[in-house]
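What follows is one structure encoded as structure tokens, with my remarks underneath.
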Amino acid sequence: MTSPTKPADQSASPAEDPRRSAALRTAIIMGLVALGIYGAFFLRAILNS
Amino acid sequence: MAEHATHDTHDEHHDDHQQSFFMRWFCSTNHKDIGTLYLLFSLVMFFIGGFMALVIRAELFVPGLQLVHPEFFNQMTTMHALVMIFGAVMPAFVGLANWMIPMMVGAPDMALPRMNNWSFWILPFAFTMLLLPLIQYAFFGVGAGGPAGGWTLYPPLSLQGGNNVAFTIFAIHMMGVSSIMGAINVIATILNMRAPGMDLLKMPVFCWTWLITAFLLIAVMPVLAGAVTMLLTDKFFLTSFFNAAGGGDPVMFQHIFWFFGHPEVYIMILPAFGIVSEIIPTFARKPLFGYQAMVYATASIAFLSFIVWAHHMFTVGMPLGGELFFMYATMLIAVPTGVKVFNWVSTMWKSSMTFETPMLFAVGFVILFTIGGFSGLMLAIVPADFQYHDTYFVVAHFHYVLVTGAIYSIMAATYYWLPKWTGVMYNEALGKWHFWLSTIFVNVLFFPQHFLGLAGMPRRIPDYNVAFADFNLISSIGAFGFGLAQLIFAWIVIQCAFLGRGAKATDHVWEGSKGLEWTLSSPPPHHSFSTPPVINDKDLAHGDVTH
Amino acid sequence: MRRLSTGLGMLLAALASTAAWANPERWQLNMTPGATASSHEVYQLHMIIFGICCVIGLIVFGAMFYSMWKFRKSKGAVAATWSHNTTAEIIWTVVPILILVGMAIPATGTLIRMADTGDAEMTVKITGYQWKWRYEYVGTDVNFISSLSRDADAARRLGSGVDVTAIENYLLDVDKPLIVPTGTKIRFVITADDVIHSWWVPALGWKQDAIPGFINEAWTQIDEPGTYRGQCAELCGKDHGFMPIVVIAKPKAEFEAWLAQQQAALPDVSATAQTPAPAPITKS
């Protein structure tokens, strides 16, 4: 493994990293999962009562 | 290589100087700065929660009430737990994840830096809200004080609180949002930001345990949020989710709460497993034994954590079949946990060990956490649990797994990576003093509590019969000793992080250290790996995993 | 140190005699074997698991301490490079499973016996209130409230100035204890009126939560006459630590006489035959 060779190039604009858009997609999916679990518990509890 | 890295540091420090204090710390999007904020927040909360614990132990020093009213005592036990769990342990692990995961997987930063900032800055507000009713009452004599129904918030008791119920619930909502965002960030970073060649099964175990922990967080924090929202509507909007008189079910709260609560226990211990799995190979100078077994054991523990929740409720009157199922499932957890302990011991077998402070804490973790594991196994046996449940035996059990488990691993991690973070070696002699004093006093503090519980002392009582006096006295002495020993820890951290005192740390810091984070300078550059590093299998901490 | 060795001596004595320690003692280190067949079973189960944990602990910690003593860099140890051993890994996965099965079998048997509340000869209804217990002898009109004894209640106040160690059975004594017959299978039905409580007498071998809106069941059969003390085990508010339980087991004939006397002393049957009146407001 080597240390970073061209730090200035990419650290200046990390937003252009193609991995970021994939990461954003992952994040949105996980966020929806969390909301879904919250909602599902409520629905279950309300139907129960 | 080192020259390059140092050069980077210089550049980035140059950038840092252009940032104002406000921009750097309040608007930070840098994983290291946010990691630092999390860790410092956690340290502050550790001392606040510890102070509450000392109020409890001071009142329990001798029989009879000397210092506080029972109601205030209950507020202390409740707040101690909430502050330690949500304020000290969880943020410390998130701070470690922030600092280490991008460096360990070869990423420049966390995947979502702005969300990272948000998830930290929610916390100080959440805890201000949580502590406000207590502060008002304790220091200004206003209101009725903080929540006093136990951190588990069981209704109907928790609903007897006044407006502090609303404060507590909104604070828990905010902590939940913060934790979920932190977890999302970890998942996105690990799944999407790894350097090419850093396959999932080549990641350090710490990353693996955190990835699994993050999934647990996303699965259960919404459940807690749901449970407390129902409490909120029961209290203020006349619903009857948990109100028996209105057709509700108080036991349903316990089921929902522990469906969150048991995975929560593993949220607080899986990253600790990861830390110890990093530290032991380093100081044993031998690859981690059974890397893949470690990963699968972690995943099994995470899976099992979802089907054991009712072992916290063996005395609520479940049907026989339910009790048997939860007993068997709980006992099963001993198998993957045992695998982990055996793997750590095998890593130490035929190795070449030295015992610097991180290793001392890691070894202390393995031994004392295992003692907590044994009492956990005893608690799983339902008929015996009928006796142990809600006694000091349980208190001893979960403090062995949380204090000498989770907290010890956080301290081990701090000593292990502090030279990397600050570029300065901590004071080794003081570190050893901290370890030995902590270890002696923590056992004086918690070991006698096993005896108290077996002798019949219930937990959460402010006063007790003279039969329990002797071990309570010993336990309280241990508590003050342990509390004072932590001041050494704070001083060591202050010396390294704020005063910059100590020998200059090398990039590798430890003789046996392996992994990407040690290829960076100490302290590391502003963006960890702006260009993805080349991964060389034999340089990884767990050795070549292909065979 | 001498007191600790006294404690150890008492522990050994208790291991030898099952009748010892119905109630907590100073320096007590272990669970009480209790006063019923169930509590003896629980105690034995507890000792078996404890023993197994000790053996496993000795092996694991022994291996650790041996490595820490033997494989030190300062002693010139050279690290091996292996990181797998399939045989060992299979052994330490399978052997614990077998041990767990061995633990689960007796635990299951005990649990099934403890869950069987059938064939009870009498029933006592227990209701938890903040912060006292109500006992009703089902089928009779006898029912009463049992709360913390008066001297302890005065002494426990913050700044009372009373030396609580001078009070006998401090916080473990009540004004009106629950009287039960020996040698009789007694079924308890347990509920609560306000918040969740938990009824626990260690000598009986179990605790059971008292939950508003729920009726839980448990049973006991006490062999030896005696006084057995316990406390509320579920946090139930500010006086959670101050609602003890005292069960006095008397020979059957004495119990019958006591019950008859209680019934005779009832002022007006029609007034008390109803469901219990709400608990009086506490002096807080």
*Restricting region B:234-246 to residues that are surrounded by fewer than 20 Cβ atoms within 10 Å (Cβ to Cβ) and more than 9 Å from chain C (Cβ to nearest Cβ), the residue that is nearest to C:ASP194 (Cα to Cα)*: B:GLY246
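Among the residues in region C:180-190, are any within 14 Å of another protein chain (Cβ to nearest Cβ) and of a type in the set (Ser, Thr, Tyr)? So that I can check it myself, show each step before the final result.
Keep residues of region C:180-190 that are within 14 Å of another protein chain (Cβ to nearest Cβ), which gives C:187-190.
Filter once more, so that each one left must be of a type in the set (Ser, Thr, Tyr): none.
There is no residue in region C:180-190 that is within 14 Å of another protein chain (Cβ to nearest Cβ) and of a type in the set (Ser, Thr, Tyr).
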*Which ones in region B:85-140 are among the small types (Gly, Ala, Ser) and open to solvent by 10 Å² or more (accessible area, probe 1.4 Å)?*
B:ALA138
*Count, please, the residues in region B:266-294 that happen to be outside any loop (DSSP other than H, G, I, E, B) and within 22 Å of B:GLY376 (Cβ to Cβ).*
13
*Pick out the one residue from B:SER409, B:SER476 that is in contact with a Lys or Arg (Cβ under 7 Å, 6 or more places away or on another chain), of a type in the set (S, T, N, Q) and open to solvent by less than 20 Å² (accessible area, probe 1.4 Å).*
B:SER476
*The one condition in (1) at pLDDT below 90; (2) open to solvent by less than 30 Å² (accessible area, probe 1.4 Å); (3) within 30 Å of B:ILE256 (Cα to Cα) that A:ALA34 fails to fulfil*: (1)
*Check C:TYR129 against each of (1) of a type outside the set (A, V, I, L, M, F, W, C); (2) within 22 Å of C:LYS207 (Cβ to Cβ); (3) open to solvent by 20 Å² or more (accessible area, probe 1.4 Å); (4) touching a residue at least 60 places away in the same chain (Cβ under 8 Å) and name the one condition it does not meet.*
(3)
*Of the numbered conditions (1) in contact with a Leu (Cβ under 6 Å, 6 or more places away or on another chain); (2) modelled with pLDDT under 95, C:VAL138 fails exactly one; give the number of that condition.*
(1)
*How many of the residues in region B:415-442 are out of contact with any helix residue (DSSP H, G or I) (no Cβ under 7 Å at 6 or more places or on another chain) and either among the hydroxyl-bearing types (Ser, Thr, Tyr) or open to solvent by 10 Å² or more (accessible area, probe 1.4 Å) (or both)?*
3
*Counting just the residues of region B:188-203 that are surrounded by 23 or more Cβ atoms within 10 Å (Cβ to Cβ) and not in a loop (DSSP other than H, G, I, E, B), which one comes out nearest to the other protein chains (Cβ to nearest Cβ)?*
B:ALA188
*Output the residues belonging to region C:209-229 that are surrounded by fewer than 24 Cβ atoms within 10 Å (Cβ to Cβ), facing chain B (nearest Cβ under 7 Å) and not aromatic (Phe, Trp, Tyr).*
C:PRO212, C:GLY213, C:ASN216
*Looking only at residues in region C:110-126 that are open to solvent by 20 Å² or more (accessible area, probe 1.4 Å) and assigned to a helix (DSSP H, G or I), which one is farthest from C:LEU204 (Cα to Cα)?*
C:ILE112
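Results for (1) small (Gly, Ala, Ser); (2) more than 7 Å from chain C (Cβ to nearest Cβ); (3) in contact with a Ser or Thr (Cβ under 8 Å, 6 or more places away or on another chain); (4) open to solvent by 10 Å² or more (accessible area, probe 1.4 Å), shown as yes or no for each residue.
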{"site": "B:GLY317", "(1), (2), (3), (4)": "yes, no, no, yes"}
{"site": "B:PHE326", "(1), (2), (3), (4)": "no, yes, no, yes"}
{"site": "B:VAL345", "(1), (2), (3), (4)": "no, no, yes, yes"}
{"site": "B:MET353", "(1), (2), (3), (4)": "no, no, yes, no"}
*Please report, ordered by residue number, the helices (runs of 4 or more DSSP H) entirely within region B:341-445 with at least 3 residues that are out of contact with any Gly (no Cβ under 9 Å at 6 or more places or on another chain).*
B:357-380, B:382-388, B:408-422
_Here is a check on your reading of the model: is B:ILE381 among the β-branched types (Val, Ile, Thr), free of Cβ contacts under 8 Å to residues at least 12 places away in the same chain and within 10 Å of another protein chain (Cβ to nearest Cβ)?_
no
_Looking at region C:57-66, can you tell me whether even one residue there is modelled with pLDDT of 95 or more, touching a Leu at 6+ places or on another chain (Cβ under 7 Å) and closer than 18 Å to B:LYS340 by Cβ?_
no
_Number of the exception - B:MET129 against (1) touching a Leu at 6+ places or on another chain (Cβ under 7 Å); (2) in a helix (DSSP H, G or I); (3) away from chain A (no Cβ under 14 Å)_ = (1)
_Matching entry among B:ALA144, B:ALA166, B:ALA138 (being within 30 Å of B:GLY248 (Cα to Cα) and part of a helix (DSSP H, G or I))_ = B:ALA166
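The values are calculated or read from the model by the stated rules, or taken from the named source; none is laboratory data. A quick note: this is a predicted structure, and the numbers were derived from the prediction, not measured. A quick note on method: Cβ atoms are made from the backbone with ideal geometry, for glycine too, and the neighbour counts reach across all protein chains shown. These accessible areas exclude ligands, DNA and RNA; they are computed on the full protein's heavy atoms, side chains included. Shrake-Rupley method; radii C 1.70, N 1.55, O 1.52, S 1.80 Å.
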